[in-house]
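*Asks:* Below is a structure I'd like to ask you about.
The values are calculated or read from the model by the stated rules, or taken from the named source; none is laboratory data. In this text the structure is predicted, and so the values were computed from the model without any measurement. Here the Cβ positions follow ideal geometry from the backbone for every residue, glycine too, while neighbour counts run over all protein chains shown. Calculation scope for accessible area: heavy atoms of the full protein, side chains included, ligands and nucleic acids excluded. Shrake-Rupley method; radii C 1.70, N 1.55, O 1.52, S 1.80 Å.
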Amino acid sequence: GKKTSMTPPRQYVEIYTTCYDMCTQRSPYNWSMQLYQRHGETIENYLVNSILPALREKISSGDGSDSSSILLTELNLRWKNHQLMNKWLKKFFTYLDRYYVKHHSLPTLEQAGLRIFKVEVYDKIKTHSTNAILAMINEERENGIIDKTLLKSNVELYEAMGMGSLEGAYTADLETPLLENTREYYAKKREEWIVTDSTPEYLIKAETALNAERVRVSDYLNLASEQKLLRVCEEEILEKVEMVLLEKENSGCKVLLANDKSEDLRRMFSLFSRLENGLQPMACIVQAFISSMGNECINKRQARLEGGEKDRNDDPKFVKSLLALHEKYLGVVKADFWGHSLFQKALKDAFVEVVNKNVGTYTNAELLSTFCDRVLKSGGEKLSENEKEESLEKVVQLFSYLTDKDLFADIYRNQLAKRILNQRSASDDSEKMMIAKLKMQCGTQFTSKMEGMLGDLAVGGDQRSEFDSRMRQHHGSIKLDFSVQVLTTGFWPTYKSPDVSLPPEMHRCMD
């Protein structure tokens with residue numbers, strides 16, 4: 001319908017003019033002080049004689065489940081009416097506000113109206129109204145339907161009663177009891193859930209509760225309460241039972257890892273990352289689990305050797321089991337734990353333990369190097385170029401965990417020399433790629449000899465061409481099939497020099 005003013009313009013002007021006349025005359029006919037006092041007394045009388053009894057009647061009569069909403073509805077109505085009255089009184093007595101109040105540094109009429117409401121109404125019923133708000137919040141927590149708009153309006157009353165500061169009323173009278181109530185509520189829930197639920201079920205409930213509390217704040221509480229409210233929830237439903245949840249039989253962290261429960265692990269990581277040092281215990285369990293899986297690979301190798309399998313420096317089955325294990329849990333760390341540094345360290349520490357645990361005659365360094373030899377020599381592993389690069393990359397990741405990298409380097413250099421000198425290397429590019437990967441991992445000094453060996457090959461090819469050309473020019477009559485590979489001392493493994501007796505044809509070329 002059409003909006004009508006509560007006070008017709010003519011009536012408003014008459015009241016304003018009367019006030020103006022009473023405040024602009026000289027003493028003793030200036031009534032400013034009396035008007036200011038009467039303004040306060042009028043409001044006080046109305047609040048004490050009309051509003052407070054009406055509210056107290058709602059408090060004493062309410063005993064059912066609707067009692068909270070009955071009291072808050074009445075309080076909201078009375079507060080809205082008071083704001084309206086305060087607004088109009090301020091308009092009528094604007095002149096009083098503008099001069100008398102300013103000159104005597106008194107509270108403005110609006111401030112005075114609020115203060116009287118605080119002292120005569122709010123302070124006397126706030127315990128009841130706070131209890132009513134908390135009862136409605138708990139009802140909503142138990143999936144009840146509540147009037148959120150009504151709650152928001154009442155929260156605004158608490159905010160207004162602080163006279164410009166949250167500490168004045170909202171924090172002390174509503175937020176503090178709310179936090180205590182929330183702690184009690186979730187302590188009970190925790191005790192129920194921890195008995196009846198598996199870890200994944202418990203964490204789903206915890207996640208739902210935390211999201212609900214965040215929404216609750218945005219729906220009708222002051223935003224300043226969000227962090228405090230969530231912190232109480234985190235302490236009660238996560239912090240106090242973290243180890244119980246992580247170590248729960250049949251559903252704890254170790255079981256989730258063993259059963260590849262990616263979604264549950266992500267939720268676990270996400271929730272415990274909210275706590276200070278909440279991820280450390282989880283990372284310890286992850287490390288222990290990966291170590292145990294790695295030790296299983298080692299135990300299988302040992303069982304094969306003890307079962308009579310010949311111990312050789314070539315055990316692709318064992319190396320591939322370690323590569324697969326590392327790839328799997330590197331993926332888990334990246335995807336489920338967001339690549340968090342604690343879990344990267346857990347993976348590293350677990351593999352440092354596993355990769356340096358040798359079984360049988362040959363070290364893991366030698367087994368890794370021999371696996372590379374299989375990949376790089378012709379007639380070895382049947383792999384495409386991409387698969388070859390992936391395999392070598394994974395081996396280098398395992399190599400990075402070796403404590404004796406120099407042992408690997410010596411073995412690798414010997415095997416590289418054999419591949420090159422016996423023309424068994426499948427591809428120069430693959431050889432260079434592997435050396436580049438080792439160089440990235442350990443620096444130039446580590447690979448300088450290997451690079452020198454490949455350099456000798458390139459130079460050797462040019463020398464052979466030059467030698468063949470010279471032979472054709474000067475010794476065309478001599479039929480000699482002769483090829484030499486010149487090696488730089490220091491780059492290559494040390495070989496025994498055999499005694500050489502040259503045939504007469506070669507002697508003639510030397511003369």
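*Asks:* Could you calculate the contour length gain from GLN83 to SER61, that is, 0.36 nm times the residue separation minus the distance between their Cα atoms, to one decimal place in nm?
*Replies:* 5.3 nm
*Asks:* D for the range 375-511, whole µm²/s, Stokes-Einstein with Kirkwood Rh over alpha-carbon pairs at 37 °C and 0.692 mPa s: what number?
*Replies:* So the translational diffusion coefficient is about 188 µm²/s.
*Asks:* Another question, if that's okay. In whole angstrom, note down how far apart the Cα centers of the range 247-315 and the range 363-394 are.
*Replies:* 26
*Asks:* Oh, and also: How many nm separate the modelled label positions at ASN222 and ASP260, each set 7 Å beyond the Cα in the direction of the Cβ?
*Replies:* 5.2
*Asks:* I want to check the label-to-label distance for GLU156 and GLU191. Put each point 7 Å from Cα in the C-beta direction and report it in nm to one decimal.
*Replies:* Placing both labels 7 Å along Cα→Cβ, they lie 4.0 nm apart.
*Asks:* Of all the accessible heavy-atom surface of the range 409-464, with the other protein chains kept in place and a 1.4 Å probe, what percent is carbon and sulfur?
*Replies:* Ligands and nucleic acids excluded, carbon and sulfur reach 47 percent.
*Asks:* Right, another one. Along Cα→Cβ, 7 Å out, is where each label goes; now give me the distance between the ones at GLU327 and LYS439 in nm to one decimal.
*Replies:* Result: 2.7 nm between the two label points.
*Asks:* Now, a different point. Give me a comma-separated list of calculated 3J(HN,Hα) values for the range 352-365, in order, Karplus coefficients 6.51, -1.76, 1.60 applied at θ = phi - 60°, integers in Hz, x for any Gly or Pro.
*Replies:* After applying 6.51 cos²θ - 1.76 cosθ + 1.60, I find 4, 5, 6, 5, 9, 9, 8, 10, x, 6, 9, 6, 5, 4 Hz.
*Asks:* ALA458 to SER378: extension gain in nm, 0.36 nm per residue of separation minus the Cα-Cα distance?
*Replies:* 26.8 nm
*Asks:* Here is a further query. Nearest 0.05, what FRET efficiency do MET471 and ASP428 give at R0 = 35 Å with Cβ-Cβ as r?
*Replies:* The computed FRET efficiency comes out at 0.85.
*Asks:* Let me ask you something else. Given the Cα-Cα distance of SER483 and LYS348 and 0.36 nm per residue of separation, how much length would full extension add, in nm?
*Replies:* The SER483-LYS348 span can extend by a further 43.8 nm.
*Asks:* Also: Using only Cα positions of the range 186-258, each an equal point scatterer, no hydration layer, compute I(q)/I(0) via Debye at q = 0.20, 0.22 Å⁻¹ and quote the log10 values to two decimals.
*Replies:* Reported log10 I(q)/I(0), two decimals: -0.81, -0.92.
*Asks:* If you split all Cα-Cα distances of the range 228-310 into 10 Å bins from zero, what percentages do you get per bin, shortest first?
*Replies:* Over the range 228-310, the share of Cα pairs per 10 Å bin runs 16, 39, 22, 13, 7, 3, 0 percent.
*Asks:* Let me check I've understood the local charge: for ARG304, count other residues with C-beta under 9 angstrom from its C-beta, Lys and Arg +1, Asp and Glu -1. What total comes out?
*Replies:* 0
*Asks:* Under a no-solvent Debye model with one identical scatterer per Cα of the range 389-466, what's log10 I(q)/I(0) at q = 0.13, 0.16, 0.24 Å⁻¹?
*Replies:* Calculated log10 I(q)/I(0) at the listed q: -0.41, -0.61, -1.27.
*Asks:* Further question on the same structure: What number comes out for accessible area per residue over the range 375-461 if the probe is 1.4 Å? Units Å², please.
*Replies:* Heavy-atom accessible area per residue stands at 50 Å².
*Asks:* Oh, and also: Calculated FRET efficiency, GLU393 and VAL119, Cβ-Cβ r, R0 51 Å, to nearest 0.05?
*Replies:* Efficiency, rounded to the nearest 0.05: 0.10.
*Asks:* Next question. Report Rg(Cα)/(2.2 N^0.38 Å) for the range 254-350, keeping two decimals.
*Replies:* Relative to the rule-of-thumb radius for its length, the range 254-350 sits at 1.26.
*Asks:* Another question, if that's okay. Just how large is the dipole of the range 401-496 about the Cα centre, in debye to the nearest 20, putting +1 at every Lys and Arg Cβ and -1 at every Asp and Glu Cβ?
*Replies:* 180
*Asks:* Follow-up question, since we're still on this one. With r defined as the distance between the Cβ atoms of THR127 and GLU201 and R0 fixed at 35 Å, what FRET efficiency is calculated, to the nearest 0.05?
*Replies:* Efficiency, rounded to the nearest 0.05: 0.40.
*Asks:* Follow-up. Average projected area of the Cα convex hull of the range 149-198, in nm²?
*Replies:* 4.6
*Asks:* Continuing with this model, one more query. Considering only protein heavy atoms, what is the solvent-accessible area of HIS128 at a probe of 1.4 Å, reported in Å² to the nearest 10?
*Replies:* Probe radius 1.4 Å; accessible area of HIS128 about 80 Å².
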